[in-house]
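The values are calculated or read from the model by the stated rules, or taken from the named source; none is laboratory data. Just so it is clear, the structure is predicted and the values come from calculations on it, not from any experiment. Note that each Cβ is placed from the backbone with ideal geometry, even for glycine, and that neighbours are counted across all protein chains shown. Surface areas here come from the heavy atoms of the whole protein model, side chains and all, with no ligands, DNA or RNA. Shrake-Rupley method; radii C 1.70, N 1.55, O 1.52, S 1.80 Å.
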Amino acid sequence: MQVSVTRDVFKLAQVFTISRGSRTEAEVLTVSVSDGDHTGRGECVPYARYGETLESVTAQIEGAEVTDRAALMGLPAGAARNALDCALWDLEAKRAGRRVWDLAGLATPGPEITAYTLSLDTPEAMRAKAAQNAHRPLLKIKLGTPDDMARLEAVRAGAPKSTIIVDANEGWSAEIYADLAPHLLRLGVALVEQPLPAGEDDALLGVARPLPVCADESCHDRASLAALKGKYDVVNIKLDKTGGLTEALELRREALAEGYRVMVGCMIGSSLGMAPATLVAQGAMVTDLDGPLLLAEDRDTPLIFDGAGVHPPAPELWG
């Protein structure tokens, strides 16, 4: 197998801000795996939250033994394994002349309504942005600041009919969450992501959860599930956390079997990065694959987003 990795930069349509900082571009790693006749591609976004950098993930990719997907399990769950795993799925599909979902034994996928994320800003600016996107059925708000309620009230005023989900990005304490929960319900919030830091979420044990609480930073792969009991109702599956489509599908299967509902999320990346996740998102409680919607530029043959949601990829893109 010939493996190459390149660093690609996509400009964002506008500055994107969360409680951890702001950015104007998305930097991704694109991996190509070739057998000489066919080439498969995958994309990943190194996650600084877990100590990953573009350089460290590139080194992992270049040092990996790439023979088949099983051989990749020697890599830790994370961005490097994700890009390689997805590239190998794409390569297998091209070799077989079939779609990845056929190879994986999945039903033919269809479009899924996706959340659209509003960048953190002043309440006034967020109300205006919400009004511009009030036609979208599902809006996501990044919170985790002292002005959370003002921002949430502003978004609800700007988009009175949209369903809202919120992501606290580990920014609350158990006390803050308990205080905010009634107001979240009053404003029609349907789900809250990772309200507490992952290392402190035992504080959720025994706490009433009047709206579904989703594990994001607390859930990486199947090995995470045992520690989530009694704390969470939903798990957020991101391929850059699971280490690829292979583990993501297994995590979805086991999470559903254990009674969790599923959210499928993403980092800010291109359509190539989102494409495998559209398979995991089939029938999910929440799909949050809006990365390409936040970009000013995208891959050739990008994913289609329309009133029905985000559609599965064309074979020219992936799979």
Rounded to the nearest 500, the 222 nm mean residue ellipticity computed for the chain from DSSP H runs (n ≥ 4, each -39500 (n - 2.57)) alone is -8000 deg cm²/dmol
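Quick one: work out Rg over Rh on the C-alpha atoms of the range 218-268, Rh as Kirkwood radius.
0.92
Loop only by DSSP, 16 or fewer other Cβ within 10 Å of the Cβ. Give me the GluC sites (Glu not before Pro) in the range 1-87 that pass, ordered by residue number.
GLU65
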Taking amide H positions as placed in the peptide plane 1.01 Å from N, state which residues far from GLU25 in sequence (5 or more) or on other chains have amide H under 5 Å from it. LEU12
Of ALA226, THR278, LEU289, whose Cα points farthest to the positive end of the dipole of the range 221-319 (charges on the beta-carbon: +1 Lys, Arg; -1 Asp, Glu; origin at the Cα centre)? ALA226
In percent, how large is the relative contact order of the chain, given Cα pairs closer than 8 Å and 6 or more residues apart? 19 percent
Find the accessible area per residue for the chain; the probe is 1.4 Å, ligands and nucleic acids are left out, and the unit is Å². 40 Å²
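For the range 8-92, report the translational diffusion coefficient in µm²/s to the nearest whole number, using Stokes-Einstein at 4 °C, 1.567 mPa s, and a Kirkwood Rh over Cα pairs.
Estimated via Stokes-Einstein, D reaches 94 µm²/s.
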Where nothing but the Cβ of Lys and Arg (+1) and of Asp and Glu (-1) is charged, how large is the charge dipole of the chain around its Cα centre, in debye to the nearest 20? 780 debye
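What does the charge dipole of the range 241-305 about its Cα centre add up to, to the nearest 20 debye, if the Cβ of each Lys and Arg holds +1 and the Cβ of each Asp and Glu holds -1?
Rounded to the nearest 20 debye, it is 160 debye.
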Loop-resident GluC sites (Glu not before Pro) in the range 250-319 with no more than 10 other Cβ atoms inside 10 Å, DSSP not H/G/I/E/B, are GLU316
Provide the per-residue ³J(HN,Hα) series for the range 41-57, in order, calculated from phi with Karplus coefficients 6.51, -1.76, 1.60 and θ = phi - 60°, each as a whole number of Hz, with x at glycine and proline positions. 10, x, 9, 9, 10, x, 10, 4, 4, 10, x, 8, 10, 4, 6, 5, 6
log₁₀ I(q)/I(0) of the range 174-226 at q = 0.18, 0.20, 0.30 Å⁻¹, via Debye over equal Cα point scatterers, no solvent, to two decimals? -0.60, -0.72, -1.32
Which one, ASP179, ASP216, ASP121, has the greatest fluctuation when you compute a Gaussian network model over the chain with C-alpha springs under 10 angstrom? ASP179
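How long are the semi-axes of the ellipsoid equivalent to the chain, from square roots of 5 times the Cα gyration tensor eigenvalues, in whole Å, largest first?
For the chain, the ellipsoid semi-axes come out as 32, 21, 18 Å.
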Exposed trypsin sites (Lys or Arg not before Pro) being those in a DSSP loop with at most 12 other Cβ atoms within 10 Å, the longest stretch of the chain free of them is 1-160
So if I place +1 on the C-beta of Lys and Arg and -1 on the C-beta of Asp and Glu, and nothing else carries charge, what would the dipole magnitude of the range 28-115 be about its Cα centre? I want it in debye, nearest 20. 200 debye
Over 31 Å (Cα to Cα) - which of LYS11/LYS241; LYS129/LYS238; LYS94/LYS241; LYS11/LYS231; LYS94/LYS161 fall in this group: LYS11/LYS231; LYS94/LYS161
Can you list the residues, at least 5 places off or on another chain, whose amide H is less than 5 Å from the amide H of LEU289, using H built in the peptide plane? ALA115
Gyration tensor (alpha-carbon) shape descriptor, the range 71-138, a/c threshold 1.5: oblate
